[in-house]
Amino acid sequence: MRQTIRFLRRGKIVEVGNVDPMTTLLDHLRLNEGATGTKEGCGEGDCGACTVAIGRARHGKVVYEPVNACIQLLGMVDGAEVVAVEDLAEETELHPVQAAMVEKHGSQCGFCTPGFVMSIFSLYQGTDGAVGRDEINNAIAGNLCRCTGYRPIVEAALSVCASPRDDKFRKATEDTAGILNFIADDSDIFIGDDKRFFAAPASIDALAALYARHPDATIVAGATDVGLWITKQLRDLPKIIHIGRVRGLDGVEDTGREILIGAAATYARVEPFMRAIDPDLGELFRRIGSKQVRASGTVGGNVANGSPIGDTPPALIALGASMELRRGDRPRVMPVEDFYIEYGKQNRASGEFVTGLLVPKLRPDQIFRCYKVTKRFDQDISAVMGAFRFTVDAEGRIQEARIAYGGMAGTPKRAKRAETALHGASIRDTAAWAKAFDALREDFTPLDDHRASASYRAETAHALLGKALIEAAGTPSSRTRLTGQREAIVHAAE
Amino acid sequence: MPATDDLAVVRKPLPHDSAPRHVTGSAAYIDDIREPAGTLHLAPGYAPIARGRITGLDLEAVRAFPGVVAVLTADDIPGANDVSPKLIGDDPALAVDEVRFYGQVVFVVVANTRDIARRAAKKAKFTTVAEPPVIDLADAVDTVLPEYSFGRGDIEGALAAAPLKLEASFRIGGQEHFYLEGQIAMAVPGEAGEMFVYSSTQHPSEVQHLVAHALHVPSSAVTVEIRRMGGGFGGKESQASQWAVLAALAAWKTGRPCKMRLDRDDDMIMTGKRHDFRVDYRVGASPEGLLEVVDVALNARCGHSEDLSMGVVDRTMFHSDNSYFYPSCRVLTRRLRTNTVSNTAFRGFGGPQGMTFAERMMDHVAYTLGKDPLEIRKANFYQGDRDHTPYGMKVEDNLLQPLVAQLEASSDYWARREAITAFNAESRILKKGLALTPVKFGISFTLMMLNQAGALLHLYRDGSLNLNHGGTEMGQGLFLKVAQVVAEEFGVDMGKVAITATRTDKVPNTSPTAASSGTDLNAMAALNACNIIKDRLYTFIEEKWQVRRNQVSFRDNQVIIGNHVMSLAELANAAYVERVQLSAAGFYKTPKIAWNRDKAEGRPFFYFAYGASCSEVTIDTMTGEMKVDRVDVLHDVGKSLNPAIDIGQIEGGFVQGMGWLTTEELVWDKQGRLRTHAPSTYKIPAASDIPEHFRVELFQSEGPREDTIFKSKAVGEPPLMLGISVFCAITNAIASLKPGVMPALDAPATPEAILRAVRGMTAA
């Protein structure tokens, strides 16, 4: 049992013993360290001004990922290197990323700039050769700038990524990894007392035991949602159990027929496995949050928090995924759709927690499509998200349709009537399509809110099913959609 | 002023003076200034209704919250409880009894930490009597100011006679500023009632005056400083004051430094936005599409108080013509009161809404006649003797024809028009649109007294210069541009000119940094200060070396005096020894302008800035999603002081304008609560919304006819309205669905709004 957290800052190991469970990394940097280069823009992980890079040792080197410090809990950085904007320059010499930002006129008011520098720094560290514009846009999708219109920032990133990677972080990567391995251990972390604590158990059994003892504790994986309970809802969360240290829980495994996803596996980690199942899943994952959110947030958390607008549950439901839970020693498995009872209510007992997901891969006779409709393409929450899996026999008849939507009800939900209407029909039978569209209207009674009206949601749900059928029947996606074209994605992957 | 073809510093694309500090995190914003020991932190408490009365307020639990030092209400204000820019009393710092919008601040918590203050503020118990609030513009009847109109001709007669008559209504949404640095102020009490206030404000003098009024002390006791803002865009022109006043009040009450930094959600709920409008118009035109008469009613949501709605909505009127000649016209405005936050300045200051109307009307005429909108636009441009605006000012510096012709060619407009027509003929789900729209924007404050500026310049004995002026830096590069002018005048490197924070005790009675005027006014004032000091130096040189002033030049970090060459330091020191004053206060007021609002006549603008943009978009007719494929911009900044800074302003302005008209949507619920109060729900453009082909060029010219600073033109606001081409391109894509029909598209063109307009076409 360890009663401190340890992380690396500017080459020095920092050990902190009095970690309040709710302290954010941003507050630690700004208020405790007095390192004010990192800014707070929104306090909810949506503007990126607070972006810092978190380095973790992998295979003898350090891998840097950007995170939003405003919603990252301090305790979560145990075992990592924390790099903030002040740490890049050497004496008076700017880091190449910083120099490129100056040269290309990438800052105006300068308030978002530290966040952009850190996102581009993470991209620079995570790649070796030149990087394309799409990848850069993706790397900075979680950073908002209100002054420049982005063009000079993108050019700075293009320019610096076209240069060799020879900064001090690259030169020190093996040494830094060595230090990170040195401070890593297998102890459970518990800071505080029975009334107020930050805990990060190192094994699944320790997690189960701790949660059984404190079923009122808050389980935190990436804190991309729980962080907002603290910074925005101002809830008091005196007991926090972070699952990021649980050995093996962050793993993803391809068994051949299915993908096993540990409850603590981040979106970033899962993304390539999903992209391999279908390009649409890759694009869906790319559009969940931002790089920062995907580096912290987990698929397990997205499923467990029961939001009606989470993007992974409809896709997982359409794929026929199931989930594993555990309470004390007792495991339980159920289809993902059965987890959702109604808005804010899930099929989860007190003291029970999600341990993982099982996602079946597509068979050759299955066609998958999913679409996310938002006001802004990148880093936005869905007005409607639709996922479709058609199992089609050799004659072109739909043997099974699995259709699930987000944003259409209080929970992610299957469109069972529409599924039935398509059953047995030819994939090209537009009369059957029409029946499915009618049935879809019966399946849902969507709500009006600030993202969209009920009628827009109903219309768009119809449109997405229409698109899926049109594409499944053979129309190229370049003629049916504006983004995430499958031909382009397949091409890029080659 | 030296000849413009022999410049060492001016016209150079120098990087922002703070750029190296921006990228390393060492550029300090107010929240980064090291807090004096004992600093306390404030959080606002607000009433949970949009309209009604507070009959009881129980703050017991707030006061009892551990770490709370004080809880302040209106009773604690020793002076005026008023943060309205005109001091007319309709904007209390802390509301008393009456609540006029959801989010109106009623009390502030002062605590040891910001987190404690925020958590404690939630503990207040309100007893209220709520009344039904006026939230929707359509329900608004009461106004914050009387109806106002101008125009000319016999409207009804001209409409009756016009061969083509069109009539429509549409809505233009508001816009949240979303400066990345939220509202913040820190007040440090001094001795004898002095108060030093750091305020993230575009208008330090107004903050100074309002703090003085609230504390009931003379303005001379209050000093306001701002080194830089993390963005302003108009949102910190009048609405930074409240937080500075509250911080100063708390500092006065507790005797300790006090800081108030709004949480992003509170900032979005509690501060005003761009005015949204309902526009009702009737237009009469010839069969060829030449306008004969325009009758427009511009209905603005002003929110619960007047704030800057007089000037903002006047500017909507001044730009309701954009670039077009209206033979007869009536421009009428209604400034409607609603139970929502008071709307305020936002880059363009009402102008964008007026121009959006003008461009929409052009589209309406074009689509009805089955013509290309660009042809209709060009035909209606100000030209020849068709050069009088609806407010009587003559357009003397017209660049519309050459500028638009150049962009029409460089953007390959007509070839792309054909390609798009062909694409739309064979594409069923996706449709493309193309639009080229102009901008003509009037430069000057329409409130005449604001067209003045001051600067303070010191030359030290070592030849270094210390520059100060009344303008504020919010990222637009103002400090750099003014410093470039000073460096040019003294012939020194930029490093010799120290750029310093704006402070009300250095340059008093300043105007807000607004109306795109920052450089025009402050650089002129700084130039005046340079000339005063140089004039004294010339006199000194004439006496000491018997060299005439026309044989003296300041360049290459040297002073050349006839045959002598010396450094500026040597000259400065020699002048000091001879007791020459090396410090000067410069001043400037804009010439030629005059505006009589009652008679609606005069010349409100010193000159116009011009620009044009051409945008291509694709829409998805099944979902309403939209993507911008290509943008070409040509913009007139006269002869640029700094082309890199100017291009940055143009690009950023375009993208901000595009966001306003596409993804940025403000939604209030029926109870008057803003539902889009954070970046998770309010979507400004992200990097991937910018097309790869986004080409911005500066229009090359000899500069304006008027005597502006180094023949440059203002650039802050005009480019925002270039974003209107995206909205018109979307309209164009929808119009392809049914020739002869004008799409009924409201702004912002969200996917939902686009889909509604698409459905309207199939139903039409």
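The values are calculated or read from the model by the stated rules, or taken from the named source; none is laboratory data. Keep in mind that what you see is a predicted model, and the values were worked out from it rather than measured. Neighbour counts run over all protein chains shown; Cβ positions are idealised from the backbone, glycine included.
Take segment A:75-111 and flag every residue that is outside the structural domain of A:V154 (by TED's automatic domain parsing), at pLDDT 95 or above and on the phi > 0 side of the Ramachandran plot.
A:G79 - this is the single residue of segment A:75-111 that is outside the structural domain of A:V154 (by TED's automatic domain parsing), at pLDDT 95 or above and on the phi > 0 side of the Ramachandran plot.
Within segment B:14-28, how many residues are facing chain A (nearest Cβ under 8 Å) and within 17 Å of B:E488 (Cα to Cα)?
2
Within segment A:21-36, is even one residue polar (S, T, N, Q) and outside any loop (DSSP other than H, G, I, E, B)?
Checking segment A:21-36: at least one residue is polar (S, T, N, Q) and outside any loop (DSSP other than H, G, I, E, B).
Which of the residues belonging to segment A:37-59 are in a strand (DSSP E or B) and either more than 11 Å from every other protein chain (Cβ to nearest Cβ) or over 26 Å from B:L180 (Cβ atoms) (or both)?
Within segment A:37-59, A:T51, A:A53, A:I54, A:G55, A:R56, A:A57, A:R58 meet the criteria.
Quick check: anything in segment B:64-82 outside any strand (DSSP E or B) and touching a Ser or Thr at 6+ places or on another chain (Cβ under 6 Å)?
no
Quick check, is A:A69 within 14 Å of another protein chain (Cβ to nearest Cβ), surrounded by 24 or more Cβ atoms within 10 Å (Cβ to Cβ) and free of Cβ contacts under 8 Å to residues at least 60 places away in the same chain?
yes
Among what's in segment A:254-281 and is among the β-branched types (V, I, T) and more than 14 Å from the chain's Cα centre (by Cα), pick the residue that is surrounded by the most Cβ atoms within 10 Å (Cβ to Cβ).
A:I259
Residues checked against (1) under 20 Å from B:G230 (Cα atoms); (2) more than 7 Å from chain B (Cβ to nearest Cβ); (3) hydroxyl-bearing (S, T, Y):
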site: A:F116; (1), (2), (3): yes, yes, no
site: A:S119; (1), (2), (3): yes, yes, yes
site: A:G126; (1), (2), (3): no, yes, no
site: A:N137; (1), (2), (3): no, no, no
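Can you find, within segment A:90-102, the residue that is farthest from the other protein chains (Cβ to nearest Cβ) among those that are within 30 Å of the chain's Cα centre (by Cα) and surrounded by fewer than 24 Cβ atoms within 10 Å (Cβ to Cβ)?
The residue in question is A:P96.
Would you mind stating whether A:R428 is basic (K, R), part of a strand (DSSP E or B) and more than 14 Å from chain B (Cβ to nearest Cβ)?
Here the answer is no, as A:R428 does not meet what is asked.
Exactly one condition in (1) modelled with pLDDT of 95 or more; (2) within 23 Å of B:V482 (Cα to Cα) is false for B:M626; which is it?
(2)
I'm trying to understand the selection: among the residues of segment B:666-689, which are at the interface with another protein chain (Cβ under 7 Å from one of its Cβ atoms) and either without any contact (Cβ under 8 Å) to a residue 40 or more places away in the chain or among the acidic types (D, E) (or both)?
Result: B:V667, B:R675, B:S680, B:T681, B:K683, B:A686, B:A687, B:S688, B:D689.
Name every residue in segment B:437-464 that is surrounded by fewer than 24 Cβ atoms within 10 Å (Cβ to Cβ) and over 21 Å from the mean Cα position of the chain (by Cα), in order of residue number.
B:L456, B:H458, B:Y460, B:R461, B:D462, B:G463, B:S464
Considering only residues that are surrounded by fewer than 24 Cβ atoms within 10 Å (Cβ to Cβ), assigned to a loop (DSSP other than H, G, I, E, B) and in contact with a helix residue (DSSP H, G or I) (Cβ under 8 Å, 6 or more places away or on another chain), which ones fall in segment B:190-230?
Of everything in segment B:190-230, those that are surrounded by fewer than 24 Cβ atoms within 10 Å (Cβ to Cβ), assigned to a loop (DSSP other than H, G, I, E, B) and in contact with a helix residue (DSSP H, G or I) (Cβ under 8 Å, 6 or more places away or on another chain) turn out to be B:A192, B:G193, B:E194, B:P218.
Restricting attention to segment B:231-246, and to residues there that are of a type outside the set (G, A, S) and part of a helix (DSSP H, G or I), which single residue is farthest from B:N468 (Cα to Cα)?
For segment B:231-246, the residue satisfying everything is B:L246.
Can you tell me which residue among B:Y538, B:Y607, B:Y576 is hydroxyl-bearing (S, T, Y), out of contact with any strand residue (DSSP E or B) (no Cβ under 7 Å at 6 or more places or on another chain) and over 30 Å from A:R481 (Cβ atoms)?
B:Y576
Is at least one residue of segment B:723-735 within 27 Å of B:L166 (Cβ to Cβ), crowded, with 24+ Cβ neighbours inside 10 Å and within 11 Å of chain A (Cβ to nearest Cβ)?
Checking segment B:723-735: at least one residue is within 27 Å of B:L166 (Cβ to Cβ), crowded, with 24+ Cβ neighbours inside 10 Å and within 11 Å of chain A (Cβ to nearest Cβ).
Looking only at segment A:431-456, how many residues end up being more than 9 Å from chain B (Cβ to nearest Cβ), under 28 Å from the mean Cα position of the chain (by Cα), in contact (Cβ under 8 Å) with a residue 24 or more places away in the chain and assigned to a helix (DSSP H, G or I)?
Result for segment A:431-456: 0.
Being free of Cβ contacts under 8 Å to residues at least 60 places away in the same chain and outside any strand (DSSP E or B) is the filter here; which residues of segment A:381-407 pass it?
Within segment A:381-407, A:D393, A:A394, A:E395, A:G396 meet the criteria.
Of everything in segment A:18-61, what is aliphatic (A, V, I, L, M) and either farther than 20 Å from A:L237 by Cβ or without any contact (Cβ under 8 Å) to a residue 12 or more places away in the chain (or both)? Give them in sequence order.
A:L29, A:L31, A:A35, A:A49, A:V52, A:A53, A:I54, A:A57
Any idea which residue in segment B:589-624 is nearest to the other protein chains (Cβ to nearest Cβ), counting only those that are closer than 24 Å to B:P352 by Cβ and part of a loop (DSSP other than H, G, I, E, B)?
In this case the residue turns out to be B:G624.
So, of the residues in segment B:412-436 that are among the aliphatic types (A, V, I, L, M) and more than 33 Å from the chain's Cα centre (by Cα), which turns out to be farthest from the other protein chains (Cβ to nearest Cβ)?
In this case the residue turns out to be B:A415.
Of B:F694, B:F699, B:F654, which residue is surrounded by fewer than 22 Cβ atoms within 10 Å (Cβ to Cβ), hydrophobic (A, V, I, L, M, F, W, C), at pLDDT 95 or above and in contact with a Leu (Cβ under 7 Å, 6 or more places away or on another chain)?
B:F699
Determine if segment A:333-343 includes at least one residue that is away from chain B (no Cβ under 14 Å), in a strand (DSSP E or B) and out of contact with any Ser or Thr (no Cβ under 8 Å at 6 or more places or on another chain).
No, that holds for no residue.
Out of the residues in segment A:103-114 that are part of a loop (DSSP other than H, G, I, E, B) and surrounded by 24 or more Cβ atoms within 10 Å (Cβ to Cβ), state the one that is farthest from the other protein chains (Cβ to nearest Cβ).
Out of the qualifying residues, it is A:G106.
For segment A:350-370, does any single residue satisfy the condition of being within 14 Å of another protein chain (Cβ to nearest Cβ) and in a strand (DSSP E or B)?
Yes, some residue in segment A:350-370 is within 14 Å of another protein chain (Cβ to nearest Cβ) and in a strand (DSSP E or B).
Quick check on A:R146: is it more than 21 Å from A:T298 (Cα to Cα), within 11 Å of chain B (Cβ to nearest Cβ), among the basic types (K, R) and in contact with a Cys (Cβ under 8 Å, 6 or more places away or on another chain)?
Spelling it out, A:R146 is indeed more than 21 Å from A:T298 (Cα to Cα), within 11 Å of chain B (Cβ to nearest Cβ), among the basic types (K, R) and in contact with a Cys (Cβ under 8 Å, 6 or more places away or on another chain).
Regarding B:E692, is this residue more than 22 Å from the chain's Cα centre (by Cα) and more than 9 Å from chain A (Cβ to nearest Cβ)?
no
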